[in-house]
Amino acid sequence: MRTIAATKPNNRMTHPYTYIDPNAKLAPNVKIDPFTVIHGDVHIGEGTWIGSNVTIMEGTRIGKNCRIFPGAVLGGVPQDLKFAGEKTFVTIGDNTTIREFVTVNRGTSDRWKTTVGSNCLIMAYSHIAHDCIIGNNCIISNSVQIAGHVTMGDWAWIAGVSAVHQFVQIGQHAYIAGGSLVSKDVPPYIKAVRNPLSYGGVNSIGLKRRGFELEKINHILDIYRIIFNKGMNVSQALEFIEEELTASDERDEIVTFIRESGRGIIKKFTKGSVDDE
């Protein structure tokens, strides 16, 4: 590695105590604070700020106007015993903020990359493992631990100190309460709460903030009342929804998500379940 001097014309925003591999590709106006290490085969887009003591490893692609706070490690080797050194990647979208000591591992031969979308906020001490796909506008709160192969839809939010099992799918606009253990799939538009993790209603507040009209929110509520409150099994509920409810993008998305769920979806909370509250 070589030291990039802050006095060079194209690197006035790079501190002299930053180390950048000559094979890394940085936009001219990337700002990098001292004691950060940029490995080879790294791309960083315009307007991005990299704080002190950050390590950005081989295969990392960072978009425009991102903020990477001190101590973060991006593009680390997957913590997967099946990983055989194949060339894989981490991609971070535009306008995403990654706070202190976050770790994002690159992919394996399963998906070849780990993806974090645009306009996301990944809070301090969180971990995103290999082959995860995090959508756009997602929030991952402090100390959330996400295992490999997890998929998280746009606008989803995982509150602090939660742990997500490998291969779990989280639907768009879903909210998962803090301190949760997520071992089943969480369908779109809902709140997942309590212990064990259970259906807690539709994420109405989040949907209102994002411009969903009341009629659409009520339509989503009707769908989930059938799934969780009508005493049908999941297959019966989905058939009833398709036969009786007006077709919509939200209806079709919910039905498809549940039908394609690999781990099964969370259930409605029932008395007798273990509950910490």
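Table for the structure above
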read-out: Residues being free of Cβ contacts under 8 Å to residues at least 40 places away in the same chain, part of a helix (DSSP H, G or I) and under 29 Å from the mean Cα position of the chain (by Cα) - total across the range 238-267; value: 7
read-out: Residues satisfying the stated conditions in the range 26-71, i.e. open to solvent by less than 40 Å² (accessible area, probe 1.4 Å), touching a residue at least 24 places away in the same chain (Cβ under 8 Å) and on the phi > 0 side of the Ramachandran plot; value: GLY59, GLY71
read-out: The listed residue being open to solvent by less than 40 Å² (accessible area, probe 1.4 Å), out of contact with any helix residue (DSSP H, G or I) (no Cβ under 9 Å at 6 or more places or on another chain) and on the phi > 0 side of the Ramachandran plot, out of HIS173, HIS130, HIS149; value: HIS149
read-out: Which numbered condition THR103 misses (of (1) closer than 11 Å to PHE69 by Cα; (2) open to solvent by 30 Å² or more (accessible area, probe 1.4 Å)); value: (1)
read-out: From LEU181, LEU207, residue being open to solvent by 80 Å² or more (accessible area, probe 1.4 Å), aliphatic (A, V, I, L, M) and within 23 Å of the chain's Cα centre (by Cα); value: LEU181
read-out: Hits in the range 253-272 (condition: modelled with pLDDT under 95 and open to solvent by less than 70 Å² (accessible area, probe 1.4 Å)); value: PHE269
read-out: Residue satisfying condition, being of a type in the set (Ser, Thr, Tyr), in contact (Cβ under 8 Å) with a residue 12 or more places away in the chain and part of a strand (DSSP E or B), within set TYR224, TYR199; value: TYR199
read-out: Residue count, the range 214-252 (criterion: acidic (Asp, Glu) and open to solvent by less than 60 Å² (accessible area, probe 1.4 Å)); value: 1
read-out: The range 152-170, subset of a type in the set (A, V, I, L, M) and over 15 Å from LEU197 (Cα atoms), residue surrounded by the fewest Cβ atoms within 10 Å (Cβ to Cβ); value: ALA156
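The values are calculated or read from the model by the stated rules, or taken from the named source; none is laboratory data. This structure is a prediction, so every number in the text was calculated from the model and none was measured. Note that we place each Cβ from the backbone using ideal geometry, even for glycine, and neighbour counts take in every protein chain shown. For the accessible areas, the whole protein counts, side chains as well, though only heavy atoms, and no ligand, DNA or RNA atoms are used. Shrake-Rupley method; radii C 1.70, N 1.55, O 1.52, S 1.80 Å.
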